[in-house]
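Enquirer: Let me give you the structure first, and then I'll get to my questions.
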Amino acid sequence: MAENTVGTLRIKSGLADMLKGGVIMDVVTPEQARIAEDAGAVAVMALERVPADIRAQGGVARMSDPDLIDAIKREVKIPVMAKARIGHFVEAQVLEALEVDYIDESEVLSPADYVNHIDKSNFTVPFVCGATNLGEALRRITEGAAMIRSKGEAGTGDVSEATKHIRTIKSEIAALAAKNADELFVAAKELQAPYELVKWVSENGKLPVVLFVAGGVATPADAAMMMQLGADGVFVGSGVFKSGNPVERAKAIVKATAAYTDAKVIAEVSRGLGEAMVGINVNDLPAPHRLSERGW
Amino acid sequence: MAGNSPLVGVLALQGDVREHEGVLAELGIAHRQVRNAEQLAEVDALIIPGGESSVIDKLTRIFGVRDALVAAIQRGLPVLGTCAGLILLADRVTGGLDDQQTFGGLDVTVERNAFGSQVDSFETTIDMPAIGGAPIRSSFIRAPIVRDAGSTEVIATLPTGEIVGVRHGNIVGISFHPEVSNELRVHDWWVRTVVVPSLR
């Protein structure tokens, strides 16, 4: 009889498979976590400030207080994720010790290392990482990420960057799938990713892990659009709890994500939600304030 | 349903639908996604995939497919549930959400997320005497355990004794994910010994 083996890539990416078709919501209190679970979120992201507040308040954004993560873990039964700073492998060790279900090595927090990301293959807990293009996604997977989310521009309520990133990743995968075998060596060089992984993506026409969308999703229609563009699921950060009616908006985004091709359902759930988060146009953000440009 | 080649549905509201479709495709078994009562009426059998059981429960209620599912299971529709699917087929659940409902069908008590958090999720191989041959490759991901098998037949246990697979008539529920482990034999066995004999 075989030994039990923990922390394999199959087990790590397997949990992401189970989240497909679902919505993962940012929460900053146990009360918000309860609202998210009641609305049908597949997981919650426990953090101290949603991206919109990080953006507004400035300063260095770090891993959350363990007490907050524990309180949220006690409140809900669905998986609990938490964010570590890019490259901050000790924050990741702490989050693993707290037994969170997934770590997001996130550009929403202030990077701790401007050269290296975390070596994620060393951990039993799985990681999700942001990406703006295919090369970035493949580099994160090489480092051990078991789930990719497009970055979008967190905390804006402007979905345009999320659109750009999912379209870019999808079209780069399609272009890779159309290449001849003898063209993949140069493709690997251009993508700055290992040849074997590039070859796998070319042959299979998809990423080897689940691809969610994040950053700027604020309405049920935003979520459904990301699903129609080929996302496996959606992260909603500030979009729920910075809106006028978080309870109803959370439920509406869950429904629209599940029924993403049914415009009648999306229309129905879009009624009477009150104000969406106010939002910032990405074009009005000075380049140094764009979170999606963190990570490489 | 021509002759003895069934059309198998996969409940496609949330979860690892694509992995089940992949196994069925590799086995050459006709399949389709099921999201509503009309689609459910067209299939000869149903797979309830892995996912978040509380979310699948909510979505079946929101989209009005729950009553049709419960009725079909009670009428004897062959069903295979993996992980969340097992929870949804259990008559009784512990460790679930306060308002969590199941479709029922298996006279068992299932403990949700019984192994701990994701760092306790694991791969292993297990013997399934009904299937025979080499041990079955399996992934346990925040998996449930059958704490009381009631009147059902136990078809899979871990070496430590925990019950991780049960059958009652046409209904099979397992704690683990053969569909994530490139393991075709559980689906193949279910189709051959449960689904095909149910076709008239």
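The values are calculated or read from the model by the stated rules, or taken from the named source; none is laboratory data. What you see is a predicted model; the values in this text were computed from it and never measured. Methodologically, a virtual Cβ is constructed for each residue, glycine included, from the backbone with ideal geometry; neighbour enumeration extends over all protein chains shown. SASA here: full protein model, heavy atoms, side chains in, ligands and nucleic acids out. Shrake-Rupley method; radii C 1.70, N 1.55, O 1.52, S 1.80 Å.
Enquirer: Could you sort A:146-155, A:51-60, B:106-115 so that the peptide with the highest average Cβ count within 10 Å comes first and the rest follow in order?
Expert: Order by mean packing, descending: A:146-155, B:106-115, A:51-60.
Enquirer: If you don't mind, there's one more thing I want to ask. At a threshold of 8 angstrom on Cα-Cα distance, excluding pairs fewer than six apart, so keeping six or more, what relative contact order does chain A reach in percent?
Expert: 19
Enquirer: Oh, and also: Taking every residue in B:153-160, how many Cβ atoms of other protein chains lie within 10 Å of its Cβ, on average?
Expert: 1
Enquirer: Could you give the size of the charge dipole of chain A about its Cα centre, using +1 on the Cβ of each K and R and -1 on the Cβ of each D and E, expressed in debye and rounded to the nearest 20?
Expert: Its charge dipole is roughly 500 debye.
Enquirer: How big is the gap, in Å, between the Cα center of the stretch B:75-153 and the Cα center of the stretch A:171-223?
Expert: 35
Enquirer: Peptides A:241-254, A:13-26: what's the order by average Cβ count within 10 Å, highest mean first?
Expert: Top to bottom by mean Cβ count within 10 Å: A:13-26, A:241-254.
Enquirer: Another question, if that's okay. Translational D (Stokes-Einstein, µm²/s) of chain A at 37 °C and 0.692 mPa s when Rh comes from the Kirkwood sum over C-alpha pairs?
Expert: The Stokes-Einstein estimate is 172 µm²/s.
Enquirer: How much accessible area is lost when chains B and A come together, counting both sides, with a 1.4 Å probe, in Å² rounded to the nearest 100?
Expert: The B and A chains share an interface burying roughly 3200 Å².
Enquirer: Show me the chymotrypsin sites (Phe, Trp or Tyr not before Pro) within the stretch A:102-171 that DSSP assigns to loop and that have at most 12 other Cβ atoms within 10 Å of their Cβ. All intermediate terms of the calculation are to be shown ahead of the outcome.
Expert: Numbers: sites: A:Tyr102, A:Tyr114, A:Phe123, A:Phe127; in loops: A:Tyr114, A:Phe123.
For chymotrypsin sites (Phe, Trp or Tyr not before Pro) across the stretch A:102-171 that sit outside H, G, I, E and B with at most 12 neighbouring Cβ atoms in 10 Å, the list reads A:Tyr114.
Enquirer: Given contacts defined as C-alpha pairs under 8 Å and at least six residues apart, what's the relative contact order of the stretch A:88-239, whole-number percent?
Expert: 22
Enquirer: To the nearest Å, what is the center-to-center distance of the stretch A:86-108 and the stretch B:10-24, using C-alpha atoms only?
Expert: Measuring centre to centre over Cα atoms gives 30 Å.
Enquirer: Report Rg (one decimal) and Dmax (nearest whole number) for the protein assembly as shown, counting Cα atoms only, units Å.
Expert: Cα-based Rg and Dmax for the protein assembly as shown come out at 22.0, 69 Å.
Enquirer: Enter the accessible area per residue of the stretch B:8-198 (Å², integer; probe 1.4 Å; all protein chains in place). Write out the running numbers ahead of the final one.
Expert: Working: 6240 Å² over 191 residues.
Value returned for the stretch B:8-198: 33 Å² of accessible area per residue.
Enquirer: Right, something else. In deg cm²/dmol and to the nearest 500, what is the mean residue ellipticity at 222 nm of chain B if only DSSP H runs of at least 4 residues count, each as -39500 (n - 2.57), divided by the residue total?
Expert: -6500 deg cm²/dmol
Enquirer: Could you tell me whether the stretch B:1-77 comes out rounded, prolate or oblate from its Cα gyration tensor? Rule is a ≥ b ≥ c as square roots of the eigenvalues, rounded for a/c under 1.5, then prolate if a/b exceeds b/c, otherwise oblate.
Expert: oblate
Enquirer: Another question about this same structure. So how much slack lies between A:Glu275 and A:Ala97, counting 0.36 nm per residue of separation and subtracting their Cα-Cα distance, in nm? Walk me through the intermediate numbers first.
Expert: Values: separation 178, 0.36 × 178 = 64.08 nm, distance 3.90 nm.
Going from the current span to full extension adds 60.2 nm.
Enquirer: Pull up the DSSP beta bridges for the protein assembly as shown and report the antiparallel fraction as a percent, rounded to 5.
Expert: 30
Enquirer: Could you tell me, in Å, what Rg and Dmax come out for the Cα atoms of chain B?
Expert: In order Rg, Dmax, the Cα atoms of chain B give 15.2, 46 Å.
Enquirer: If each DSSP helix of 4+ residues adds -39,500 (n - 2.57) and the sum is divided by the residues in chain A, what number results at 222 nm, nearest 500 deg cm²/dmol?
Expert: Helix-only estimate at 222 nm: -12000 deg cm²/dmol.
Enquirer: Find which of A:Pro51, A:Ala82, A:Thr156 sits farthest along the positive direction of the dipole of chain A, computed with +1 on the beta-carbon of Lys and Arg, -1 on that of Asp and Glu, about the Cα centre.
Expert: Highest projection toward the positive end goes to A:Thr156.
Enquirer: What residue among B:Leu80, B:Ile62, B:Gly116 has its Cα farthest toward the positive end of the dipole of the stretch B:55-155, where the charges are +1 on Lys, Arg and -1 on Asp, Glu, each on the Cβ?
Expert: B:Ile62
Enquirer: Let me ask something additional. What average number of partner chain Cβ atoms lie no more than 10 Å from the Cβ of the residues making up A:173-186? Each step should come with its number before you reach the end.
Expert: Working: counts 0, 0, 0, 0, 0, 0, 0, 0, 0, 0, 0, 0, 0, 0.
Per residue, the number of nearby Cβ atoms from other chains is 0 on average.
Enquirer: Note down the relative contact order for the stretch B:8-198 as a percent, whole number, built from C-alpha pairs under 8 angstrom at least six residues apart.
Expert: Once normalised by length, the contact order is 20 percent.
Enquirer: Can you give the Kirkwood hydrodynamic radius for the stretch A:104-225, in Å, rounded to one decimal and based on Cα pairs?
Expert: 15.0
Enquirer: Would you work out what percent of the accessible area of chain A, with all protein chains in place, is carbon or sulfur (probe 1.4 Å)?
Expert: Numbers: 5640 of 11460 Å².
Carbon with sulfur: 49 percent of the solvent-accessible area.
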